[in-house]
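*Asks:* Could you have a look at this structure, given as structure tokens, before my questions?
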Amino acid sequence: MDVVNFLKDCLFPFFCVSCGREGEWWCKDCRKEIKLFEVKGTSFQKATALFSYSDNPPLEKLIREFKYNYVQNISDLWKEILSEARLVFSSDIVFVPVPLHEKRLRARGFNQAEILSRILSDIYHRPQIGNNLCRTKATLQQAGMTREERLKNILGAFAWVGDLKAPKHVVLVDDVFTTGATMEECAKVLRHHGAEHIEALVLAHG
Ligand SMILES: [Zn+2]
């Protein structure tokens with residue numbers, strides 16, 4: 001551990017979300033083995049989740065922390081988990097994060113999907129394209145909505161901008177997959193702009 005990180009950990013200690021062990025967000029002893037969980041979609045081929053909330057309830061709390069109370073070093077945990085998952089991608093894939101609306105991005109200061117996509121790009125040596133898929137409509141928070149309500153809420157929320165065509169083989173990245181409404185809508189836009197094979201990857205299925 002370098003001096004800066006050592007000082008940071010002294011000033012802002014953090015503890016395992018399950019057992020309380022200091023210096024870990026979610027220690028190896030507490031998290032169950034990664035069992036890749038696959039869901040089929042209509043506009044995309046498949047969505048893969050590393051964990052399900054029902055098997056790993058503490059993850060929900062961690063993802064909430066990551067989203068709303070961002071602390072840089074949670075990213076280290078995601079990096080560890082995404083490496084441990086030993087995901088297999090074909091050689092032509094490009095990671096595309098699910099975008100946030102500009103207003104929400106400004107308020108939060110970062111897009112959690114973009115951070116995950118960057119980590120994946122580093123680990124698996126595949127490019128990521130973070131600026132062409134945009135959220136053009138500020139949608140309502142989807143928590144508590146039914147699938148139908150979510151589909152209506154998210155309809156027409158995304159656009160592909162710029163001269164670049166969408167990559168042929170895309171892996172859409174987000175933190176959580178609930179009903180899949182967001183992924184479906186993103187996939188429709190990507191397909192319209194030239195993507196042929198679209199998969200989704202998320203930390204958790206909840
Ligand atoms: Zn623990």
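Nothing in this text is a laboratory measurement; each read-out follows from the coordinates by a stated rule. For clarity, every value in this text was computed on a predicted model and none was experimentally measured. With ideal geometry, Cβ positions are generated from the backbone for all residues, glycine too; neighbour counts draw on all protein chains shown.
*Asks:* If we count every other residue with Cβ under 9 angstrom of residue 142's Cβ, Lys/Arg +1 and Asp/Glu -1, where does the sum land?
*Replies:* On the way: positive: 150; negative: 149.
Residues near residue 142 contribute 0 overall.
*Asks:* If you average the sequence gap of Cα pairs under 8 Å that are 6 or more apart and divide by the length of the chain, what percent do you get for the contact order?
*Replies:* Numbers: 325 pairs, mean separation 49.7, N = 206.
24 percent.
*Asks:* Given axes a ≥ b ≥ c from the Cα gyration tensor, I'd like to know whether region 45-85 is rounded (a/c under 1.5), prolate (a/b larger than b/c) or oblate.
*Replies:* Since a/c reaches 1.5 but b/c is at least a/b, the shape of region 45-85 is classed as oblate.
*Asks:* Right, next: Mind sorting 68, 53 by how few other Cβ atoms lie within 10 Å of their own Cβ, fewest first? Let's see the in-between values first.
*Replies:* Values: 68 9, 53 16.
Final ranking by Cβ density, sparse to dense: 68, 53.
*Asks:* Further question on the same structure: Give the calculated FRET efficiency between residue 52 and residue 15 to the nearest 0.05, with a Förster radius of 35 Å applied to their Cβ-Cβ distance. All intermediate terms of the calculation are to be shown ahead of the outcome.
*Replies:* On the way: r = 24 Å, r/R0 = 0.67.
Once rounded, the FRET efficiency stands at 0.90.
*Asks:* Given the Cα-Cα distance of residue 65 and residue 159 and 0.36 nm per residue of separation, how much length would full extension add, in nm? Don't skip to the end; give the middle numbers.
*Replies:* Working: separation 94, 0.36 × 94 = 33.84 nm, distance 2.85 nm.
Working it through step by step, the gained length comes to 31.0 nm.
*Asks:* Also, I was wondering about something else. With +1 on each Lys and Arg Cβ and -1 on each Asp and Glu Cβ, how big is the dipole of the chain about its Cα centre, in debye rounded to the nearest 20?
*Replies:* Details: 28 positive and 26 negative charges, 122 e Å.
Result for the chain is approximately 580 debye, rounded to the nearest 20.
*Asks:* Distance check, please: which entries in 79/165; 46/137; 103/168; 40/79; 35/79 exceed 27 angstrom between their Cα atoms?
*Replies:* Working: 79/165 29 Å; 46/137 25 Å; 103/168 29 Å; 40/79 25 Å; 35/79 17 Å.
From the list (79/165; 46/137; 103/168; 40/79; 35/79), the Cα-Cα distance tops 27 Å for 79/165; 103/168.
*Asks:* Related question: Can you put 197, 192, 205 in order of Cβ neighbours within 10 angstrom, beginning with the fewest? All intermediate terms of the calculation are to be shown ahead of the outcome.
*Replies:* Values: 197 15, 192 12, 205 20.
Placing the least packed residue first, the sequence is 192, 197, 205.
*Asks:* Quick one: if you stick a label point 7 Å off each Cα along the C-beta vector at residue 22 and residue 196, how many nm between them?
*Replies:* A separation of 5.6 nm, rounded to one decimal place.
*Asks:* Can you sort 115, 81 from fewest to most other Cβ atoms within 10 Å of each residue's own Cβ?
*Replies:* Working: 115 20, 81 17.
Listing 115, 81 from fewest to most nearby Cβ atoms yields 81, 115.
*Asks:* What number, rounded to the nearest 500 deg cm²/dmol, is the helix-based mean residue ellipticity at 222 nm of the chain, given -39500 (n - 2.57) per DSSP H run of at least four residues and division by all its residues? Working shown, then result.
*Replies:* On the way: 7 runs with 71 residues, N = 206.
Estimated from H runs of four or more residues: -10000 deg cm²/dmol.
*Asks:* Given labels modelled 7 Å from the Cα in the Cβ direction, how far is it in nm from residue 80 to residue 146?
*Replies:* The modelled label-to-label distance comes out at 4.2 nm.
*Asks:* Starting from the Cα gyration tensor of region 33-205, take the square roots of the eigenvalues, sort them a ≥ b ≥ c, and report rounded, prolate or oblate (rounded when a/c is under 1.5, otherwise prolate if a/b is larger than b/c, else oblate). Let's see the in-between values first.
*Replies:* Details: a/c = 1.31, a/b = 1.12, b/c = 1.17.
Cα axes put region 33-205 in the rounded bin.
*Asks:* Give me the aspartates and glutamates in straight-line cross-link reach of residue 28: C-alpha distance below 12 Å, same-chain residues under 8 apart excluded.
*Replies:* Qualifying aspartates and glutamates at Cα under 12 Å: 80, 84.
*Asks:* What residue among 116, 172, 151 shows peak mean-square fluctuation when the chain is described by a Gaussian network model with Cα springs under 10 Å?
*Replies:* 151
*Asks:* Going by the alpha-carbon gyration tensor, a ≥ b ≥ c the square roots of its eigenvalues, is region 91-154 rounded (a/c under 1.5) or, if a/c is not under 1.5, prolate (a/b greater than b/c) versus oblate? Provide the component values of the computation, followed by the final result.
*Replies:* Working: a/c = 2.39, a/b = 1.76, b/c = 1.35.
Prolate.
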